[in-house]
Amino acid sequence: MASKCQQKWDVRNWDEAAYKVRLQADREESTRIVYAARLAPSSDFVATASSNGSVCLYSVASCLASQSMDLNPKTAQLEMEPFLSFSRHDGAAYDLQFYGEDDDAILLSCGDDGKIQGWHWKRIEQGDFSNYSDGRLQKPDFILANPQQKGLRGALAPVPEINAIATDSQEGYVFSATGSGHAYCWDLEREKIITTFEGHSDYLHCICSRPSQKQVITGSEDGTVRIWDCRTAETIAILDAHKAAKVTKSPKGKLPWVSCVAIDSSQKWLVCGTGGNCLTLWSLLSFDAVTRICTVSTPQAVTIENSKIMTVGALPYLSCFTYNGDVISRIRIAPSSALSISAYSSGVCIVSGYGGLVDIISEFGSHISTFRCK
């Protein structure tokens, strides 16, 4: 009888097709990017949107139960199976948000296929998985598809991707930022576009909502931030970090694009990240730039929580600043390049990015859990 070692290296039963499938899966896993990771409302789950088009839920409790005592984010990495997988986008899934709160929340995702997909969270919490498609993927409850723009001689242009979404649950709106340079306001109840925001000359990277003033804010590859009136679709202000005269610190390089935007809970302050390794803080009362903050790398995501500006970018660090630009902390994170940051009033922060990695960090800077999405 052949030994186990001989059986292992016996190539007579070599399955070339299975080897190719496994090799492709391994490559996809090693190069996966988690573009967004958010804590789900009233639950134990983290929702993720990834470069392979997948939208998944991961159990925080399961991560903690399996977590080793190694606190080094580079080595303490679990490979976690999702608790639930949703229908994939045709192309990368770039962003996800929760619309509404508690049982009335809706999970929204967007991606390269120019679609917003939505799932009612109440059905998920109640374990209603009757809406499975082939492959055990939960089908969306609704889909919002970008319109095609008319090009030369009336020809239809390709459907533009959706790079970011924002919500205004008070008015029932969802906003999308697209690769065509347009932003859209969707009425979620009627599932239709009610406003189109036109004015940027290039690709939109980011978007956020300012419900108290019925405004939406977009950041573009053209280097500007525009503040729009949701009722009229008119531009209220155009902010250009490169031309901001009142800030004193000079950026490390040119500021050719706006990569990320965020507002604080009072909706009086706006921070935007740009090329040139810097953030710029703006007063939304006067539309003046008040602080320029130099960062260790190009900021790729930013948020404001508990009066702290928190950012991640092209290097494996989470940096926290005061509104004056003073460094509060700089924490090493698991992804070599991070593309998403979500902070919560509890002090917990979630970052995600290259390698399919999600890092959950406490208010004290310790790594609660780090896992690799499967």
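Based on alpha-carbon atoms, the Kirkwood radius and the radius of gyration of the stretch 290-374 give Rg/Rh equal to 0.95. Based on C-alpha pairs under 8 angstrom that are at least 6 apart in sequence, the chain has a relative contact order of 13 percent. Oblate is the label for the stretch 84-197, because the ratio a/c of its alpha-carbon gyration tensor axes (a ≥ b ≥ c) is 1.5 or higher and a/b is not greater than b/c. Can you give the calculated 222 nm mean residue ellipticity of the chain, where each DSSP H run of n ≥ 4 adds -39,500 (n - 2.57) and the sum is split over every residue, rounded to the nearest 500 deg cm²/dmol? Rounded to the nearest 500, the figure is -2500 deg cm²/dmol. Shown here: Cα extents along the principal axes in Å, derived from the displayed model; of the candidates (i) 67, 49, 44; (ii) 83, 49, 42; (iii) 76, 50, 40, it corresponds to (ii).
In order along the stretch 161-170, the phi-based Karplus estimate (6.51 cos²θ - 1.76 cosθ + 1.60, θ = phi - 60°) of 3J(HN,Hα) comes to 6, 10, 8, 7, 9, 9, 10, 9, 6, 5 Hz; Gly and Pro are listed as x. With K and R counted +1 and D and E -1, the other residues having a Cβ less than 14 Å from that of S342 yield a net charge of -2.
Taking the Cα centre of the chain as origin and assigning +1 to Lys and Arg Cβ atoms and -1 to Asp and Glu Cβ atoms, the resulting dipole is close to 1040 debye. Residue by residue, the stretch 359-374 carries 3J(HN,Hα) couplings of 10, 9, 10, 7, 5, 8, x, 7, 8, 5, 7, 10, 9, 9, 6, 9 Hz when phi is fed to the Karplus relation 6.51 cos²θ - 1.76 cosθ + 1.60 (θ = phi - 60°); x denotes Gly or Pro.
Axis angle, to the nearest 10 degrees, between helix 16-30 and the longest C-alpha principal axis of the chain: 40 degrees. Database remark: amide H of W269 closer than 5 angstrom to the amide H of D264, L284 (H placed geometrically; neighbours at sequence offset of 5 or more, or on other chains; Pro and chain starts carry no H).
Amide H contacts of F142 (H built 1.01 Å from N, in plane; Pro and chain starts excluded): G118 sit under 5 Å, all sequence-distant by 5 or more or on other chains.
Of the peptides 171-184, 94-107, 288-301, the ranking by mean beta-carbon count within 10 Å, highest at the top, reads 171-184, 288-301, 94-107. Sorted on the mean count of surrounding Cβ atoms within 10 Å across their residues, most packed first, peptides 279-285, 144-150 read 279-285, 144-150.
When the charge dipole of the chain is built from unit charges on Cβ atoms (+1 for Lys and Arg, -1 for Asp and Glu) and taken about the Cα centre, the candidate among S59, V159, T274 whose Cα reaches farthest toward its positive end is T274.
Backbone phi angles across the stretch 305-322, fed through the Karplus curve with coefficients 6.51, -1.76 and 1.60 (θ = phi - 60°), yield HN-Hα couplings of 8, 6, 6, 10, 8, 10, 9, 10, x, 6, 10, x, 9, 9, 10, 10, 10, 7 Hz in residue order; Gly and Pro are listed as x. Taking amide hydrogens as placed 1.01 Å from N in the peptide plane, the amide H of S336 sits under 5 Å from those of Y354, each at least 5 positions away in sequence or on another chain.
All of the numbers you see were taken from the coordinates with simple rules; none came from a lab. Predicted model only: the values in this text are computed from it and were never measured. Every residue, glycine among them, receives a Cβ derived from its backbone with ideal geometry; neighbour counts consider all protein chains shown.
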